[in-house]
Amino acid sequence: MMNVKIEQSWKEQLAEEFAKPYFEQLAEAVRREYRTTTCYPPAALIFNAFNLCPFDQVRVVIIGQDPYHEPGQAHGLSFSVQDGVALPPSLQNIFKEIAQDTGATMPTSGNLERWARQGVLLLNATLTVRAHEANSHAALGWQRFTDAAIQAIATKREHVVYMLWGGNARRKAQMIDRQRNLVLESVHPSPLSANRGGWFGEHQFSRCNAYLRGLGMKEIEW
């Protein structure tokens, strides 16, 4: 896919998906989109979530919908924006809840690479988008691919924390064995959902760390 590379452990886990006809169709559609119109994230960062968080290091999975679609924002990690970019409303609400929940200081940067490097897989269900057009690549086939990634974790790993925010993400819960993992569900952190209740005060971030701590694992520095 436009010479885009994926981290070796994920390449091995998803080898069957790469070989399926739907993925070749998806890859061709994405190549065509990137040739003919402005798309995000930059092509080299399409698999950034996988590249920064190898399969065996995944401890937390946070599922977003699709990349931010304005210039300079998306860099392949769900909810994250590049350094120097204004915080989108959903990310502001995430940081507000972390501050209330854990006492952490509100960050000035919305770059969540620091989470990814601690084992947080920041995976969008759809990995690309046209500029200024939310959900414009939702029908290309990405969801089948990202579902396969989640299924691989759910099948081959245990003691993973899944943070499922909003209806689209919560539908993934059926793939996950709740006896072997922690599943935290809530409304989406976007203002439209969060301000109606069910986001603030859920203590998901401290609950995540309590679970990891109870298993003798290192906590996430949110």
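Run through every distinct alpha carbon pair of the stretch 35-125 and return the Kirkwood hydrodynamic radius in angstroms, one decimal place.
Working: mean 1/r = 0.0736 Å⁻¹.
The answer is 13.6 Å.
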Rounded to the nearest whole number, the per residue volume of the convex hull around the C-alpha atoms of the stretch 1-73 in Å³ is 105 Å³
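Heavy atoms only, probe 1.4 angstrom, no DNA, RNA or ligands counted: give me L182, L127 ranked by accessible area, highest first. Walk me through the numbers on the way to the answer.
On the way: L182 40, L127 10 Å².
The ordering from most to least exposed comes out as L182, L127.
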Residue-level accessible surface for I176, protein heavy atoms, 1.4 Å, Å²
10 Å²
Which angle from 0 to 90°, rounded to the nearest 10, does the C-alpha axis of helix 89-102 make with the longest principal axis of the chain?
30 degrees
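Can you give the calculated 222 nm mean residue ellipticity of the chain, where each DSSP H run of n ≥ 4 adds -39,500 (n - 2.57) and the sum is split over every residue, rounded to the nearest 500 deg cm²/dmol? Let's see the in-between values first.
On the way: 10 runs with 83 residues, N = 222.
-10000 deg cm²/dmol, from helical runs alone.
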Solvent-accessible ranking of T155, T146, T102, largest area first, probe 1.4 Å
T155, T102, T146
Please determine, in degrees from 0 to 90 and to the nearest 10, the orientation of helix 204-214 with respect to the longest principal axis defined by the Cα atoms of the chain, where the helix direction is its Cα long axis.
80 degrees
Using the Cα centre of the chain as origin and beta-carbon charges of +1 (Lys, Arg) and -1 (Asp, Glu), tell me which of I62, I46, T155 is placed farthest towards the positive end of the dipole.
T155
Counting only residues 5 or more apart in sequence or on a different chain, those whose built amide H sits under 5 Å from that of V183 are Y162
Against the longest principal axis of the chain, how steep is helix 21-36, in degrees 0 to 90 to the nearest 10, with axes from Cα atoms?
80 degrees
Sorted largest first, the Cα spans of the chain on the principal axes come out in Å as 46, 37, 27
From Cα pairs below 8 angstrom and at least 6 apart in sequence, can you work out the relative contact order of the stretch 46-109, rounded to a whole percent?
23 percent
hull vol. (C-alpha, convex hull) per residue for the stretch 107-222, Å³ -> 135 Å³
Give me the dipole magnitude in Debye, nearest 20, for the chain about the Cα centre, with unit charges on the beta carbon: positive for Lys and Arg, negative for Asp and Glu.
240 debye
The Kirkwood hydrodynamic radius of the stretch 60-99, taken as the inverse of the mean 1/r over all distinct Cα pairs, in Å, comes to 10.8 Å
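The values are calculated or read from the model by the stated rules, or taken from the named source; none is laboratory data. On a predicted model such as this, the values are computed, not experimentally measured, just so you know. Virtual Cβ from ideal backbone geometry, glycine too; neighbours counted across all protein chains shown. Just the protein is used for accessible areas: all its heavy atoms, side chains included, with ligands, DNA and RNA removed. Shrake-Rupley method; radii C 1.70, N 1.55, O 1.52, S 1.80 Å.
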